[in-house]
Amino acid sequence: MALGGEQKKYSEASLSGNLKCHRCPVCDGYGCEGNMPGLGGVFNSKNFQLNVEAWKELYEKACLQGNQTKISDIQITPDMIRCGPVTGAVENIGYAEEKDFYLPYLTNAALAGFGLCIGDGCPDEKLQLGLDAVKTIRKEKGTDPSLSSFSAAFFLKPYPQDKLKERASWVRDYADYIGIDIDSYNIVTMRNLVNLERKTSAQLEDFRNYTQRPFVIKGVFTQDDIELVREVKPDVVYISNHGGRIETRIGSSGDFLAKNALELKKYCKELWVDGGIRSKQDVQTAIYYGADRVILARPLIHATYDGNYESVVKTLLD
């Protein structure tokens with residue numbers, strides 16, 4: 001598989017398996033209501049749907065306030081976008097083999113100039129496969145100009161501290177950021193599989209000191225989370241409801257960003273957000289409301305699986 005060269009060549013996935021997606025004209029959560037495991041979401045995909053709708057509503061609100069030009073004038077560069085931290089290629093996406101997903105998915109994002117987010121999962125193979133893909137791409141970074149902006153952020157599940165630190169030791173040498181999915185003990189598809197816990201500010205501080213990397217709190221979506229951010233003051237706050245796949249509360253990540261960005265920016269260096277971002281206008285809207293980086297997954301999963309990555313990149317950047 002070519003990673004780059006004189007001309008970008010996006011990777012196509014191994015097409016073994018059956019993509020758990022209806023390939024709707026608009027990926028808005030209505031065609032896969034409640035498909036869990038799969039690419040749907042909890043609450044019969046309500047938060048997935050709200051995530052997508054919020055960016056349109058926030059854009060319209062800004063336009064009514066006379067700020068349409070302020071949004072359209074925002075210049076979007078590839079480094080303002082990251083691919084989402086995805087695992088569970090077999091149960092959630094539909095691949096026949098877990099190993100077939102990670103390298104094409106992460107390679108395509110790197111070739112596009114996007115940052116990488118690598119997820120954690122059960123069994124440990126999922127984190128290791130993501131790490132192996134990063135190692136492979138990193139070997140090419142020095143010789144392939146298409147990979148010049150390559151950056152990797154690893155997001156670990158909130159295991160007990162000893163196990164969490166062990167996992168951090170696996171990825172630290174290859175990580176530009178290390179974060180914790182603070183809310184992922186609520187993920188439906190991981191219940192009863194592993195021992196995850198709700199982290200205290202003291203535990204997060206302890207882990208942050210251990211990683212010696214810029215620290216990200218991911219999954220900020222409630223008032224309790226804001227209080228945790230206030231206490232820890234991470235390098236990055238990452239607003240997310242896991243694409244509508246986690247049971248916390250009904251709502252969208254876009255609305256949470258618009259309401260809380262000014263408060264959250266008091267306690268971090270950067271603010272990231274994901275959930276329902278589908279177009280350049282959505283990216284611009286997120287930046288207008290306070291985000292420094294945006295993250296998306298489902299469109300990039302589809303693009304890798306179906307071999308149309310270039311067209312999706314154009315949708316986000318042109």
Flag for GLY5 being part of a loop (DSSP other than H, G, I, E, B), open to solvent by less than 60 Å² (accessible area, probe 1.4 Å), over 25 Å from SER311 (Cα atoms) and modelled with pLDDT under 90: no
Give the residues of region 32-48 that are closer than 19 Å to ARG278 by Cα and either modelled with pLDDT under 90 or in contact with a Ser or Thr (Cβ under 9 Å, 6 or more places away or on another chain) (or both), sorted by residue number. CYS32, GLU33, ASN47
So LYS259 clears everything in (1) closer than 19 Å to LYS314 by Cα; (2) without any contact (Cβ under 8 Å) to a residue 12 or more places away in the chain except one condition, right? Which one? (1)
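Of the residues ASP173, ASP206, only one is free of Cβ contacts under 8 Å to residues at least 12 places away in the same chain, more than 17 Å from the chain's Cα centre (by Cα) and open to solvent by 10 Å² or more (accessible area, probe 1.4 Å); which?
Details: ASP206 fails: free of Cβ contacts under 8 Å to residues at least 12 places away in the same chain.
Just one listed residue meets the conditions, ASP173.
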Can you tell me how many residues in region 162-183 are touching a helix residue (DSSP H, G or I) at 6+ places or on another chain (Cβ under 9 Å), of a type outside the set (Phe, Trp, Tyr), within 18 Å of GLN128 (Cβ to Cβ) and outside any strand (DSSP E or B)? 8
Within region 274-316, tally of residues that are assigned to a loop (DSSP other than H, G, I, E, B) and under 16 Å from the mean Cα position of the chain (by Cα): 8
Here are some residues: VAL232, VAL220, VAL216, VAL194. Which one is among the hydrophobic types (A, V, I, L, M, F, W, C), closer than 30 Å to ASN35 by Cβ and touching a helix residue (DSSP H, G or I) at 6+ places or on another chain (Cβ under 8 Å)? VAL220
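Restricting to region 176-201, and then to whatever is more than 30 Å from LEU111 (Cβ to Cβ) and of a type in the set (S, T, N, Q), can you tell me which residue is surrounded by the fewest Cβ atoms within 10 Å (Cβ to Cβ)?
So the first thing to find is which residues in region 176-201 are more than 30 Å from LEU111 (Cβ to Cβ), and the list is 182-183, 185-186, 188, 190-201.
Applying the additional criterion that residues be of a type in the set (S, T, N, Q) yields 186, 192, 195, 200-201.
Details: ASN186: 19, ASN192: 4, ASN195: 10, THR200: 12, SER201: 14.
Restricting to residues being more than 30 Å from LEU111 (Cβ to Cβ) and of a type in the set (S, T, N, Q), the top hit is ASN192.
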Are there any strands (runs of 3 or more DSSP E) wholly within region 71-161 with 2 or more residues that are under 24 Å from TYR210 (Cβ atoms) and of a type in the set (Phe, Trp, Tyr), and if so which? 152-156
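Test LYS126 against the criterion of being open to solvent by 10 Å² or more (accessible area, probe 1.4 Å), out of contact with any Leu (no Cβ under 6 Å at 6 or more places or on another chain) and in contact (Cβ under 8 Å) with a residue 12 or more places away in the chain, and give yes or no.
Values: open to solvent by 10 Å² or more (accessible area, probe 1.4 Å): yes; out of contact with any Leu (no Cβ under 6 Å at 6 or more places or on another chain): yes; in contact (Cβ under 8 Å) with a residue 12 or more places away in the chain: yes.
In short, yes.
Can TYR305 be described as hydroxyl-bearing (Ser, Thr, Tyr) and either surrounded by fewer than 17 Cβ atoms within 10 Å (Cβ to Cβ) or modelled with pLDDT under 95 (or both)? Don't jump to the end; show me each part of the working.
Working: hydroxyl-bearing (Ser, Thr, Tyr): yes; either surrounded by fewer than 17 Cβ atoms within 10 Å (Cβ to Cβ) or modelled with pLDDT under 95 (or both): yes.
Yes, satisfied.
The values are calculated or read from the model by the stated rules, or taken from the named source; none is laboratory data. All of these numbers come straight from a predicted model, not from anything done at the bench. Note: ideal-geometry Cβ built from the backbone for every residue, glycine included; neighbour counts use all protein chains shown. The protein model used for the area step is the full one, side chains on, heavy atoms only, and it has no ligands, DNA or RNA in it. Shrake-Rupley method; radii C 1.70, N 1.55, O 1.52, S 1.80 Å.
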